[in-house]
Every structure is written in structure tokens, then in C-alpha cells.
1. Given the options Pro281, Pro240, name the one that is more than 17 Å from the chain's Cα centre (by Cα) and under 30 Å from Arg81 (Cβ atoms).
2. Hey, can you tell me all the residues within the range 5-40 that are open to solvent by less than 40 Å² (accessible area, probe 1.4 Å), in contact with a Pro (Cβ under 7 Å, 6 or more places away or on another chain) and in contact (Cβ under 8 Å) with a residue 60 or more places away in the chain?
3. For the range 324-375, what are the residues that are small (Gly, Ala, Ser), crowded, with 21+ Cβ neighbours inside 10 Å and more than 18 Å from the chain's Cα centre (by Cα)?
4. Please go through the range 243-261 and give me each residue that is over 20 Å from the mean Cα position of the chain (by Cα), under 12 Å from Glu228 (Cβ atoms) and without any contact (Cβ under 8 Å) to a residue 40 or more places away in the chain, ordered by number.
5. For the range 217-229, what are the residues that are assigned to a helix (DSSP H, G or I) and either aliphatic (A, V, I, L, M) or under 11 Å from Tyr197 (Cα atoms) (or both)?
6. Looking at the structure I just gave you, is Gly253 crowded, with 18+ Cβ neighbours inside 10 Å and not hydrophobic (A, V, I, L, M, F, W, C)?
7. Here is a list: Lys411, Lys417. Which entry is more than 24 Å from Asn343 (Cα to Cα), in contact with a helix residue (DSSP H, G or I) (Cβ under 9 Å, 6 or more places away or on another chain), modelled with pLDDT of 95 or more and open to solvent by 90 Å² or more (accessible area, probe 1.4 Å)?
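The values are calculated or read from the model by the stated rules, or taken from the named source; none is laboratory data. Quick caveat: nothing in here was measured; it's all calculated off a predicted structure. When we count neighbours, we look across all protein chains shown, and the Cβ atoms used for this are built from the backbone with ideal geometry, even at glycine. For accessibility, only protein heavy atoms count, side chains too; no ligands or nucleic acids. Shrake-Rupley method; radii C 1.70, N 1.55, O 1.52, S 1.80 Å.
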Amino acid sequence: MTTTPEVIDLLIEARWIAAVDPDVVLKNHAVAIRDGRILAVLPGSEARQRYLPDQHVTLEEHVLIPGLVNLHTHAAMSLMRGIADDLPLHDWLQKRIWPAEAAHVSSQFVYDGTRLACAEMLKGGITCFNDMYFFPEAAAAAASEYGMRATLGITTLEFPTTYASDADDYLNKGLAVREKLLNQPLINFCLAPHAPYTVSDSTFERVLTLSEQMNLPIHCHIHETRQEVDDSQRQNGQPPLARLHQLGLLGPGFIGVHAVHLSEDELQLLAETGSSIAHCPTSNLKLASGFAPVARMRQLGINVGLGTDGAASNNRLDLFGEMRLAALLAKGSTGDASALPANEALRMATLNGAIALGLGDEIGSITPGKAADLCAVSLADIESKPCFDPVSHLVHVAGRECVTHVWVAGKCCVDHKTLRPADQNDLESTVALWQNRLEVRWEA
């Protein structure tokens, strides 16, 4: 008896599939996709008999992985890539970045800068990013144009910027944008108080109330530099993390960014409260902030995802680079070669980031029922030969230049290394105009 094949939208066959959850590598398997979701993961020979796809993609020398999740960035700052290199964090912020933002940041700046970031991230296999910046409606428009998934921060500070006048104004404007965009399936929001040194107790209390009422994550820089910790101890009588814990912010919905300078007691506190950490190894090194104790976090069961930070401090939005650096730093800083294996680095760049954002049931692994956010990485070039372990190759051999295809919710956003649909010439012209404006300011 012949069974009629089931009609689906897309069938992707790959030499290897790194599912992440479960932690397996499947050889010569396929992913069946319908209505933007993963219908099944099964052997390729069986899939060809069972399904009749509208589109069939065969990836003979590729690893298919979940789309990467950038757990911390400031996307629009791509327009300031390299503008303030070789400075410590506080000089970088106060002498270069904040003055540049005061002169240039607008809705148009954020839209154009986020378009640039989305183009870079998609071509590097990033399908979802967690943003902390101003004018979130402009960022949402840019992400939607490229078909990316984004969690946009309702950024909050005490001092005025070109975007808002005070903490209440930041929150009210961000909440209004969230209400306006509630029906956009790829756009989510989080509360993003910038840092303990820029946000008051009363604002943190309001942020916590909103988080509990709306079930929104809280995304906050924390313990990035030794100066930050020392200043807090002097001004508040306690380090920043203790202050946030006292205010009630720590918990499963809290994402602490950087978390470089932590005592053993503070690490235990993060573990006990179920908080997540966005580890940004390149930014931490480039700003000379230090080495986050990621190996110890992993031992304690803390959920750690990976972030690039913004292109003004990294200067790349490259999670392949972050995976490799995170793994090497964990090994080198502990003297333990097994401190962060490749499969754990991949999990940090995918499922752990999704869990931190409250999206663990939606993305982060190649699991039936989840959204089809996928990335194909070619290991065909001679530089990738031989390949004994494709997951090790993803972390220690391949780079973002090996990404050939990217899908978000089943829609192809990168096809044979080409963004679709996007006018790259228009984007390059726009970026050149912003570069001229920024250069004129510094030359003046």
C-alpha cells in the first residue's frame, strides 16, 4: 500500500545536524518545516519518501545548527564601529561614546545602524539578538525588514539623552512601543535598566514591578569593571549585585551582562536565584575589563549565554568568534582543558541565550515544534579538512565566513551567502553618509 507524501514547505538535508537539545550530532538527516516550524527531524532517506516539499535544500558538506542567539548587543552602535578604540570603559563611555550619541543619535540613526547590524549578524548565522539601545521602534523596523528575531530593550537611564528626558520618560516611551508592536511575532521586549551606576533604586523598583506584571526579562550591565564594584561599595555600602538582590531583581528573569568581577558568594547568589549571564568575552578583553569566571559559573549551573556587545566596543558582531574565545579563555584561565567543551560553547550561543530571554520553548535547538531558526555552516573548504568532530570544527575551525544559509521562522534570509531581500548598495551608501557626519564631529 502506497502512502501519499505529506506536503510541506521546506526540507533541508544536511551531512550533519547539531541539534543542541538533545546534545547529538545526526549524520545524513533532514529537517522538515511547515508554517515556519520544525515538523520533524529524521533520516534523509526516510524524509524523501515521507514528504513532498515545495523547496528541497541539500547541504552535502554542511553542519546545520540552530540560529545563533546574541544575548547582548547595542545594534545601532554599528555606525560607531572603531570610533573609540584602546580606551578603558569609563573613558570610552564618558569622553567618546556619550558625546557622539548626544550629537547624532536619532530615530534615523538607530534605524540605519540596526540595519547594518542585522546584515552583519544574519550573514554570521545570528537569527535573534537582545538589544539595549534607544528608539526601539526604529530598531524593530530594521529587524523586521531583514526578517530577524529581536528582543528589544526598554532602555532606562536617569539622565536625559536625545531619546528621553528621565527614567519615567524612557520607560513610558518603551512601553508604548511594546504595546504598538505586540502583534509582531518576531519582536519581543525586555526591560533594560542600563547599569546600577546609571539607575536609581526607585527606578529599579518600578522596573521590577513592570517585569512581574508583564512577564518581561530584565537585562542589565553588572560588575563589568573593578571600578564599578569599588564605586558602589563606597557610595552604597555594598557591591552592585547585593544591591540588586536587596531590591528583588535577581531571579530567572534577570540577565546580568558581563559579570566579570564576582566573588564566590556572588556566584553562589546568581546560581541560587536562577539568574542568567550574558558573557561578552571579546568586549571584556578589548576594554580591559577582565576575565569572567565562566568555568565556575558552569560548575554552579548558572545559565550563561553569549553576547557580542556593540560594534563600538568589540568591534565585530560575530558569535563564532565569541564561541571560540569563550572556550579558550575558560581553558586558559583555569588550567583545565575540559573547562568549556565545544558542545557547551555551542549551547551557550544558542539554547542558553534563548532560555535567558524566555524563548527556550521557541528557539535555540533543532527540536520538532520549535520555530525553524536555522543556520548552515559549510565545512567544504580545504581549511576545514579533515573533520573528525563537526561540533569541534564549529567552535575551533569554522568562522562566520563559512555560513552559507540562514532561515528565521522557516524563511530564508541568507541564501548562498547572499542576504535576501536587501539592497546592500543602499545600505553601504547610508553607512558612508553617517561616517562622514561622525568624522566631521571629531575633526572639528
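1. Step by step, each of Pro281, Pro240 is checked, and only Pro240 is more than 17 Å from the chain's Cα centre (by Cα) and under 30 Å from Arg81 (Cβ atoms).
2. Once the filter is applied, which keeps residues that are open to solvent by less than 40 Å² (accessible area, probe 1.4 Å), in contact with a Pro (Cβ under 7 Å, 6 or more places away or on another chain) and in contact (Cβ under 8 Å) with a residue 60 or more places away in the chain, the range 5-40 yields Leu10, Trp16, Ala18, Val20, Ile38, Ala40.
3. Residue satisfying the conditions is Ala330 alone.
4. His261, the sole residue that qualifies.
5. Result: Gln227, Glu228, Val229.
6. The answer is yes for Gly253.
7. Lys417
Yes/no matrix, rows are residues, columns are (1) free of Cβ contacts under 8 Å to residues at least 24 places away in the same chain; (2) closer than 24 Å to Cys190 by Cβ; (3) assigned to a helix (DSSP H, G or I):
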residue: Leu71; (1), (2), (3): no, yes, no
residue: Ile83; (1), (2), (3): no, no, no
residue: Leu93; (1), (2), (3): yes, yes, yes
residue: Arg96; (1), (2), (3): yes, no, yes
residue: Ala102; (1), (2), (3): no, no, yes
